[in-house]
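Participant: Input: one structure, supplied below.
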Amino acid sequence: MIERDFGFDIVSPTNGKYPLMRAGIIHTPHGDIRTPNFNVVGTHGQVKFLPPADMHSIGAQVMLSNGYHLFRRATVISASGGLAKWSDWNGPTFTDSGGFQVMSLGSGLGKVISVDLADADDESKLREPDERLAQVDDEGVLFRDPYSSRIIKFTPELSIETQHKIGADVMMSFDELTNISDSYDYNVRALERTRRWAERGLREHIRQTELRKNRPYQALYGVLQGSYYLDLRAKAARDISEMNINGWDFDGFGLGGVLAKDNLADILTTMCEILPVNKPRHLLGLSHPDDIFVGVETGSDTFDCVAPTREARHGRIYTMDGNFNLKKSEFKDDERVLDAECDCPTCRAGHSRAELRALLKSSELSDHAMAYNLLTIHNVRFIVRLCEQIRQAIIDGYYDEYKQAFWQRYYK
RNA sequence: GCUGGGGUAGUGAAGUGGUUAAACACGGCAGACUGUAAAUCUGCUCCCUCUGGGUUCGGGGGUUCGAAUCCCUCCCCCAGCA
């Protein structure tokens, strides 16, 4: 049996009001991750407009990339010593499996991801099968690149093999994320498929781990689906946490496809009550403050989301008093920094809203790049700091007070 | 002064006798964004009492059933020649 250079320690006292909530430390070959933590998304192996030095300067702990997007470069990354070294981030890394793309390039193509239960069970909202860039069957997913027309058949085995080549500290099992409009019956079938894919992925993981004995151990998280159906969520939690092949099981869990905002707490509670306490859980794809609070309270340890980086580029700025759109004309002559209390390098350097707005709206590409960098630093720092403060509040026992104070200002 | 080209939304422009002029692009204003087909996407952008109605193609006049479009004249811009 191979030594697993991966572990999770809970460092917070138990909390009666939130029995599932915890602060902890995830140990990886590239360093410890203090949780709760926001993992910054760098799909293609680097965070857009946030180079490694900036990542470090704002206290980011993890970069999360994607095995699907890095598929063609996996061999090069492997030869360069793995994702952490290749990207020059040199810290802990996660990779996603490509499972999200089953939905984003498939049934939900071209649409904003719906989190509205009004769209639930309404199959008319689904993309027509022949228009999709991702076609699912039991074997795997056929991805079509719209630019090159290249076709890749992604299977659980290929996803895991690719993620092993990329060499992130934590990998995700290949799952099928369903659309909120998919029917219950479809979700039953998709969940069973995801369960079989998890098992195939775990087998491949064992094989790859033994093949790459000289490399640092890469943890594999099993991903749970089930849409907003609590019975399916419970089944997923049992199936994935009980999965065991020759003594091998999952090192942690990815909570996937949690799109229904109205139902978030119930979905997460249902899963985390069943999952073993001593393994870390990653809540896939969410980062709005209210989602993080709910996630933390119901037992999630790490988070990731494209929103802080994408919204920064689009001029949506996070502050303690809520968000604002920097592109609005009212900020044209606003000499204040983005957020008076912010400790990010952008705010500390005194960049004003007026200046940043001008850069963002400039016709010069180099000005855009400057604005994107400064704004991404700010937004990501906001979410990273939120997680740091939540962690401290959990450990020191004032979580509820912290949450109330934050909530009253942010959602006033 | 002469010759030629041209004046159409904030800007650049399509339209060159006949469906309701203003397509398209940029700019402007607002919105969206949750495991990144995203430095993206959507809407609005002449005026009004706005589910409708009205005014406009540099100014004036003319030809015609009908003119941004043809003619005359004036003004302005650009190029060349004096």
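Participant: Using Cα atoms only, what is the angle between the long axis of helix A:264-274 and the major principal axis of chain A, expressed in degrees (0 to 90) to the nearest 10?
Facilitator: 40 degrees
Participant: List every residue whose amide H lies under 5 Å from the amide H of A:Arg281, counting only residues 5 or more places away in sequence or on a different chain, with H placed 1.01 Å from N in the peptide plane.
Facilitator: Those lying under 5 Å, H to H, from A:Arg281 are A:Phe253, A:Asp301, A:Thr302.
Participant: Within region A:302-406, list the GluC sites (Glu not before Pro) lying in a DSSP loop whose Cβ has at most 15 other Cβ atoms in a 10 Å radius.
Facilitator: A:Glu335, A:Glu341, A:Glu364
Participant: Dipole size in debye (nearest 20) for chain A around its Cα centre, Lys and Arg Cβ +1, Asp and Glu Cβ -1? Numbers along the way, then the final one.
Facilitator: Details: 49 positive and 59 negative charges, 194 e Å.
Roughly 940 debye for chain A.
Participant: Normalised by the number of residues in region A:112-197, what is the relative contact order in percent for Cα pairs under 8 Å and 6+ residues apart?
Facilitator: Over region A:112-197, the number comes to 33 percent.
Participant: So what are the ³J(HN,Hα) numbers for region A:194-205, from phi and the Karplus equation (6.51, -1.76, 1.60; θ = phi - 60°), rounded to whole Hz, Gly and Pro as x?
Facilitator: 4, 5, 5, 5, 4, 5, 5, x, 5, 4, 5, 4
Participant: Strictly greater than 13 Å: what percent of every Cα pair in region A:328-398 meets that?
Facilitator: 67 percent
Participant: With contacts defined as alpha carbon pairs under 8 Å and 6 or more residues apart, what's the relative contact order of region A:110-267 in percent? Working shown, then result.
Facilitator: Numbers: 246 pairs, mean separation 37.1, N = 158.
Once divided by the residue count of region A:110-267, the mean separation gives 23 percent.
Participant: Counting other C-beta atoms within 10 Å, and keeping those with at most 14, which DSSP coil GluC sites (Glu not before Pro) do you find in region A:195-274?
Facilitator: Taking region A:195-274 and a limit of 14 other Cβ atoms within 10 Å, no loop GluC sites (Glu not before Pro) are found.
Participant: I've got another one for you. Beyond 32 Å, what percent of the Cα pairs of chain A remain?
Facilitator: 34 percent
Participant: State the answer as a single residue: which of A:Leu356, A:Gly201, A:Asn379 lies farthest towards the positive end of the charge dipole of chain A, with beta carbon charges of +1 for Lys and Arg and -1 for Asp and Glu, about the Cα centre.
Facilitator: After comparing all options, I get A:Leu356.
Participant: Separate question: Structure shown: which of A:Lys327/A:Lys412; A:Lys125/A:Lys261; A:Lys111/A:Lys403; A:Lys111/A:Lys412; A:Lys17/A:Lys261 lie over 24 Å apart, alpha-carbon to alpha-carbon?
Facilitator: Table pairs above 24 Å Cα-Cα are A:Lys111/A:Lys403; A:Lys111/A:Lys412.
Participant: With contacts defined as alpha carbon pairs under 8 Å and 6 or more residues apart, what's the relative contact order of chain A in percent?
Facilitator: Averaging sequence separation for qualifying contacts and normalising by length gives 17 percent for chain A.
Participant: Further question: Taking region A:146-235, which trypsin sites (Lys or Arg not before Pro) meet the DSSP loop condition and have no more than 11 other C-beta atoms within 10 Å? Walk me through the numbers before you get to the answer.
Facilitator: On the way: sites: A:Arg150, A:Lys153, A:Lys165, A:Arg189, A:Arg193, A:Arg195, A:Arg196, A:Arg200, A:Arg203, A:Arg207, A:Arg212, A:Lys213, A:Arg233, A:Lys235; in loops: A:Arg150, A:Arg212, A:Lys213.
Answer by residue number: A:Arg150, A:Lys213.
Participant: While we're here: Would you mind ranking A:Ile245, A:Ile390, A:Ile10, A:Ile274 so that the residue whose beta carbon has the fewest other beta carbons within 10 Å leads the list?
Facilitator: Going from least to most buried by this count: A:Ile245, A:Ile10, A:Ile274, A:Ile390.
No value in this document is a laboratory result; all are computed from the given coordinates. All values reported here derive from a predicted model rather than from experimental measurement. Neighbour counts run over all protein chains shown; Cβ positions are idealised from the backbone, glycine included.
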